[in-house]
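Q: Structure incoming, see below.
The values are calculated or read from the model by the stated rules, or taken from the named source; none is laboratory data. Given the structure is predicted, the values throughout are model-derived calculations rather than measurements. Here the Cβ is made from the backbone with ideal geometry for all residues, glycine too, and neighbour counts use every protein chain on show. What goes into the accessible areas is simple: the full protein's heavy atoms, side chains included, and nothing from ligands, DNA or RNA. Shrake-Rupley method; radii C 1.70, N 1.55, O 1.52, S 1.80 Å.
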Amino acid sequence: MADTVLLNDVALFTELSTDELASLAAAAETQDLQRNDLLFSEGDEPDRLYVVVSGRVAIANRSIDGRESMISLMERGDLFGEMSLFDGLGRSAEARALEPSEVLSIPYGPLREIYEKRPALLWSVVKLLSNRLRNTDVALADSVFLDVTGRTAKRLLEMAGESDEFVLPITQEELAGMVGASRERVNKAIASFIRLGWLEQHDRRYRLTNREELSRRAR
């Protein structure tokens, strides 16, 4: 049985009762993934959603020639794969483990039954999807108003969070996919931050030495 404490922290499930959470936990299955394992591919027929227990999972699209654009990075407590529950369409992206990971796989059926019994809970769905739409708006604005250097600065600040020292949890190629540029251009941007004295790098470990200037460049 899944951890109901973890499920209760998931945005989509916070309004569920103890019994409803227990029914989801009873239906959930644990899946262990190794790096680059695919949970699903774009266009696949869906029947379940997922919650990350540990590790990191990338949600990404691929071009016809195989280039990857990483849409989002899922970590512990993050939910993904829920859209098809509501629109009945195939997967809109692929989900791939970036490192050894564990996810909960929850069939759509039990959750659909809960919503049919208590349709007022769908307001939490509206809130979740509205937040996703807002994030999409921000990403679209970034692609229009920020150049590659600005988008790279913004992603590094997101990875750092409140800390000035952090380990990049993805490869530079994957970072380039999140930025929406080639690896060479992202590396060039990082090199410029180092040259300006805003950033220090040792392999995948980074230290922000001038957060203010880096933040200004990300706007």
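Q: With respect to Leu39, is the statement that it is in contact with a Pro (Cβ under 7 Å, 6 or more places away or on another chain), surrounded by 19 or more Cβ atoms within 10 Å (Cβ to Cβ) and not β-branched (Val, Ile, Thr) true?
A: no
Q: Counting only residues that are of a type outside the set (Ser, Thr, Tyr), open to solvent by less than 50 Å² (accessible area, probe 1.4 Å) and modelled with pLDDT of 90 or more, which one in region 143-153 is nearest to Lys188 (Cα to Cα)?
A: Val148
Q: Can you tell me which residue is most open to solvent (accessible area, probe 1.4 Å) among those in region 21-36 that are touching a strand residue (DSSP E or B) at 6+ places or on another chain (Cβ under 8 Å) and under 19 Å from Lys117 (Cα atoms)?
A: Ala27
Q: With more than 18 Å from the chain's Cα centre (by Cα) and over 16 Å from Arg132 (Cα atoms) as the only criterion, which of Asp3, Asp9, Asp37 stands out?
A: The match here is Asp3.
Q: Output yes when any residue across region 59-69 is under 15 Å from Pro169 (Cβ atoms) and open to solvent by 50 Å² or more (accessible area, probe 1.4 Å), and no when none is.
A: No: zero hits.
Q: Out of (1) out of contact with any helix residue (DSSP H, G or I) (no Cβ under 7 Å at 6 or more places or on another chain); (2) crowded, with 17+ Cβ neighbours inside 10 Å, the odd one out for Asn131 is which?
A: With (1) out of contact with any helix residue (DSSP H, G or I) (no Cβ under 7 Å at 6 or more places or on another chain); (2) crowded, with 17+ Cβ neighbours inside 10 Å applied to Asn131, the lone miss is (2).
Q: Looking only at region 3-19, decide whether some residue is assigned to a strand (DSSP E or B) and small (Gly, Ala, Ser). Working first, answer last.
A: Taking region 3-19 and keeping what is assigned to a strand (DSSP E or B), we get none.
No.
Q: Six or more apart or on different chains, Cβ under 8 Å: which pairs go from a residue in region 126-144 that's over 25 Å from Thr14 (Cβ atoms) to one that's assigned to a helix (DSSP H, G or I) and open to solvent by less than 70 Å² (accessible area, probe 1.4 Å)? Could you list them?
A: From region 126-144, the pairs are Asp142/Gly150; Asp142/Arg151; Asp142/Lys154; Ser143/Arg151.
Q: Can you name the condition, by its number, that Pro46 falls short on among (1) assigned to a loop (DSSP other than H, G, I, E, B); (2) open to solvent by 50 Å² or more (accessible area, probe 1.4 Å)?
A: Single failed check for Pro46: (2).
Q: Test Asn187 against the criterion of being closer than 20 Å to Val51 by Cβ, in a helix (DSSP H, G or I) and touching a helix residue (DSSP H, G or I) at 6+ places or on another chain (Cβ under 9 Å), and give yes or no.
A: no
Q: For Thr18, all conditions in the list (1) without any contact (Cβ under 8 Å) to a residue 40 or more places away in the chain; (2) surrounded by 14 or more Cβ atoms within 10 Å (Cβ to Cβ); (3) more than 19 Å from Leu129 (Cα to Cα) hold save one; what is the number of the exception?
A: Among (1) without any contact (Cβ under 8 Å) to a residue 40 or more places away in the chain; (2) surrounded by 14 or more Cβ atoms within 10 Å (Cβ to Cβ); (3) more than 19 Å from Leu129 (Cα to Cα), the lone unmet condition for Thr18 is (2).
Q: Still on this model: Give Leu140, Leu111 a once-over and let me know the one that is open to solvent by less than 80 Å² (accessible area, probe 1.4 Å) and either in contact with a Leu (Cβ under 7 Å, 6 or more places away or on another chain) or of a type outside the set (Phe, Trp, Tyr) (or both).
A: So the residue among Leu140, Leu111 that is open to solvent by less than 80 Å² (accessible area, probe 1.4 Å) and either in contact with a Leu (Cβ under 7 Å, 6 or more places away or on another chain) or of a type outside the set (Phe, Trp, Tyr) (or both) is Leu111.
Q: Return the only residue of Glu102, Glu162, Glu82 being open to solvent by 80 Å² or more (accessible area, probe 1.4 Å), among the acidic types (Asp, Glu) and within 30 Å of Asp3 (Cα to Cα). Give the steps one after another, and end with the answer.
A: Working: Glu102 fails: open to solvent by 80 Å² or more (accessible area, probe 1.4 Å); Glu82 fails: open to solvent by 80 Å² or more (accessible area, probe 1.4 Å).
Only one candidate qualifies: Glu162.
Q: Right, here's the next one. If I ask for residues that are among the small types (Gly, Ala, Ser), surrounded by fewer than 15 Cβ atoms within 10 Å (Cβ to Cβ) and within 25 Å of the chain's Cα centre (by Cα), which ones from region 180-219 would you list?
A: Ser182, Ser215
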